[in-house]
Amino acid sequence: MKKRFLLLSLLSLAGVKSVGATAIESIFPEAFKPRITIQEKDIYGVQGYQVQEFIGSEVNRNHWDSRGDQTIQSLVMHYTVCDYPTTMRLFTANIPDGRVSAHYVITEKEEVNAVKGGVVTQLVPEEKRAWHAGASYWRGIQNLNASSIGVENVNKGFIESGGKRQWFAFDPDQIATLGQLSAGIVEKYNISPENVVGHADIVPDKKSDPGILFPWEELYTQYGVGAWLTEKERSNPTFISEGYLPKEPLPQGISEAFFLNALRAYGYQCPESAYITPAHEPVIKAFKAHFSHNQKPDHYTATLDKTAMVWAWGLSAKYPQEEK
């Protein structure tokens, strides 16, 4: 029986199509109990899977509700901190309260579960509200669940070792799928670059995902997804001054008040202050992880430097908020 499950898994993930609905156990052997039924689906040009709606006594396994009158304005990136089977069980748990979910889950390669990297599964219809962002804030909007699409990337996140965080890299196949999926979502809903955010950007005091190793620059350069400063922009303040006409010039030295104002101008919920306090540390870390010090784990701190100053100033000028 196990050999049969494994054969079906290999055939499916190699691109052999089935007809109609498929039990997810046949694709990821013995990983799912109770049963989850899925069907193949083309998702923005990526061959993936969609979880079928649960009915009857299992209706609570549908982790979604109505968006109300809200329209989709943002795309939120996450990591799972657990493997794919655990994520799927969590997102389809038959419980009345405390349910969590995301619209999409993208796998990383898992030898133990025979899971191939870069497989996308849709759990929540895009027109429905998934529960992934929680009590959140971005650019004047609170509680982003109703106005966002959430993508969970299977990734262990980090471990603490010797007082430092060791982050886990993302699967290359996962990144390729994420790029194509995200590009399709951004185009379909006309999502502004600055509204492609990480969970930590919108809930900095409680969340750290998708982490400092998340490939933000690759999404920008290869797929046209998200906000970023090019090498020319971040290495030449004159280019920003002349090209985007910022409201204030970049200070010569380090100015904590200027930096915090720039974070607020860009979209973060950042307490007003002339100085950095412990209350500011989570949002500074989130900003550095996403932008100025992305891919540099040793810089996951609240320390302010010239690089962070340039990024905060440049981003707030390149992607200004509309006057309200």
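Overview of values
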| item | result |
| --- | --- |
| Rounded FRET efficiency, nearest 0.05, which uses the C-beta distance separating A23 from R264 and R0 of 41 Å | 0.25 |
| The chain - mean residue ellipticity at 222 nm from DSSP helices (-39,500 (n - 2.57) per run, n ≥ 4, rounded to 500) | -8500 deg cm²/dmol |
| Crossing angle, helix 172-189 versus the chain [Cα axis fit, 0-90 degrees, rounded to tens] | 80 |
| Estimated FRET transfer efficiency when R0 is 35 angstrom, pair Q166-N190 (beta carbons, to 0.05) | 0.35 |
| Charge dipole magnitude, Cβ of K and R +1, D and E -1 - the chain, Cα centre, debye nearest 20 | 580 |
| Acute angle (nearest 10 degrees) that the helix 256-266 long axis makes with the longest principal axis of the chain, alpha-carbon atoms | 50 |
| Euclidean distance between Cα centres, segment 273-303 to segment 30-109, Å | 31 |
| In segment 181-272, trypsin sites (Lys or Arg not before Pro) in a DSSP loop with at most 15 other beta-carbon atoms within 10 Å | K206, K247 |
| Efficiency of FRET between K306 and N143 - r from beta-carbon atoms, R0 22 angstrom, step 0.05 | 0.05 |
| Shape of segment 60-217, Cα gyration tensor, a/c cut at 1.5 | rounded |
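Since every read-out is calculated from the coordinates, none of them should be taken as a lab result. Predicted, not measured: the structure shown is a model, and the values here were computed from it. Backbone-built Cβ (ideal geometry, glycine too); neighbour counts: all protein chains shown.
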